[in-house]
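Only one structure is covered here, and it is reproduced in the block below.
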Amino acid sequence: MLLLGAIWGGAFFFTEIALEAMSPFTLVAHRVVWAAAALWLYLLLAGRVRTPLTAGLWGRWAVMGLLNNIAPFSLIMWGQTAIEGGLASIFNAMTAPFGVLVAALFLADERLSFQKIAGVLLGIAGVAAIVGADALDGLDPRSLGQFAVVLATVSYAFASVWGRVALKGVPVELNAAGMLAMSAVMILPVALVVDGPPSFALSLPVWGAIFGISLVGTAIAYLLYFEILRLAGAGNTMLVTLIVPPFAIGLGAVFLGERLEPAAFFGFGLIALGLAVIDGRLFRRRGQGNSTPIQ
């Protein structure tokens, strides 16, 4: 989990470097195309493609790719043209609270409890503290960038519900590879129409950032993510969003000279508290530690 948090924290850092040389749509295309190629190569060499690849399955992967890759990747990368990667990673931590809310709306076994409602409200309060009331007075590029990243977390939330309902029973590595393949099919025409043919005459740091975000931050990260999900369960896995911001903020501060306002750290504290409330185990352990055994 610590390794995955470091990788996803680095993805925000790599995005900032790559965006200096290309637009968000082209960068999303690079991210999903190279990641899809790497995962399919891994699956074929490992002999793990055993599920029949039907048209219906490809269609379900397409929806998952739209919700879990194309929409959020594009929104986050566009948002990072106006805000720091560390701040974007803090907003990204809202994925879990919004996931709880969306799951409650569509899944019968994911009803809202008082604990979950409290956690979601704390997360929303954290976002509000970071954005500030001034952002509502006029939608400048920075404000729009912040709202774009928050909207990306809503898309991630819907993706989690779709994945649970539509992709149940399919091997997790195959779901990741199929989702990325369909994401590549969808984003390539958009990137070509909006940005034109991509330039491959890029500097070494930019190529390093592209492969960092695609091969490490997407392909390897998905394998780690699904392995954590299998070993530790969904509740533990969502806590990785608390590990991502420190790495993203630290890398931005050391290598890009970025500094965040105190409101960003206060808002992150509220979001982290909201995640802890939703998860509940921290408070259960405290209660168990303070209890007196019955003799």
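Filtering segment 60-71 for residues that are out of contact with any Ser or Thr (no Cβ under 6 Å at 6 or more places or on another chain), in contact (Cβ under 8 Å) with a residue 24 or more places away in the chain and polar (S, T, N, Q) leaves a non-empty set.
Would you say Leu224 is surrounded by 13 or more Cβ atoms within 10 Å (Cβ to Cβ) and touching a Leu at 6+ places or on another chain (Cβ under 6 Å)?
yes
For segment 189-270, which fully contained helices (runs of 4 or more DSSP H) count at least 3 residues that are under 21 Å from the mean Cα position of the chain (by Cα) and over 25 Å from Val33 (Cα atoms)?
On the way: elements: 204-211, 221-237, 244-256.
Answer list for segment 189-270: 221-237, 244-256.
If you filter segment 40-63 down to residues that are more than 18 Å from the chain's Cα centre (by Cα) and of a type in the set (Phe, Trp, Tyr), you find that the one that is surrounded by the most Cβ atoms within 10 Å (Cβ to Cβ) is Trp40.
Report, by residue number, each residue of segment 1-56 that is of a type in the set (A, V, I, L, M, F, W, C) and out of contact with any helix residue (DSSP H, G or I) (no Cβ under 7 Å at 6 or more places or on another chain).
Result: Leu2, Met22, Ala37, Leu41, Leu44, Leu45, Ala46, Leu53, Ala55.
Looking only at residues in segment 130-156 that are at pLDDT 90 or above and among the small types (Gly, Ala, Ser), the one that is surrounded by the most Cβ atoms within 10 Å (Cβ to Cβ) is Ala152. Just one of (1) within 23 Å of Lys168 (Cβ to Cβ); (2) under 17 Å from the mean Cα position of the chain (by Cα) fails for Gly10. It is (1).
Total residues in segment 69-97 satisfying the condition of being over 12 Å from the mean Cα position of the chain (by Cα) and either of a type in the set (Asp, Glu) or assigned to a helix (DSSP H, G or I) (or both): the figure is 7. Determine whether Leu66 is more than 12 Å from the chain's Cα centre (by Cα), crowded, with 21+ Cβ neighbours inside 10 Å and modelled with pLDDT of 90 or more. When the stated conditions are applied, Leu66 does not pass them.
Contact annotation: residue pairs with Cβ atoms under 6 Å, 6 or more positions apart or on different chains, pairing a residue in segment 216-244 that is at pLDDT 75 or above with a partner that is charged (D, E, K, R), are Thr218/Arg31. Residues in segment 19-39 that are among the small types (Gly, Ala, Ser) and within 18 Å of the chain's Cα centre (by Cα) were compared, and the one that is surrounded by the most Cβ atoms within 10 Å (Cβ to Cβ) is Ala35.
Going through segment 11-29 one residue at a time, which ones are over 13 Å from Val190 (Cβ atoms) and either part of a helix (DSSP H, G or I) or of a type in the set (S, T, N, Q) (or both)? Reasoning before the result, please.
Taking segment 11-29 as the starting set, the residues that turn out to be over 13 Å from Val190 (Cβ atoms) are 11-22.
Result: Ala11, Phe12, Phe13, Phe14, Thr15, Glu16, Ile17, Ala18.
May I ask you to verify whether Thr51 is outside any helix (DSSP H, G or I), among the hydroxyl-bearing types (Ser, Thr, Tyr) and farther than 17 Å from Ala219 by Cα?
Numbers: outside any helix (DSSP H, G or I): yes; among the hydroxyl-bearing types (Ser, Thr, Tyr): yes; farther than 17 Å from Ala219 by Cα: yes.
So Thr51 passes the test.
The values are calculated or read from the model by the stated rules, or taken from the named source; none is laboratory data. These numbers were taken from a predicted model, which means no experiment stands behind them. When we count neighbours, we look across all protein chains shown, and the Cβ atoms used for this are built from the backbone with ideal geometry, even at glycine.
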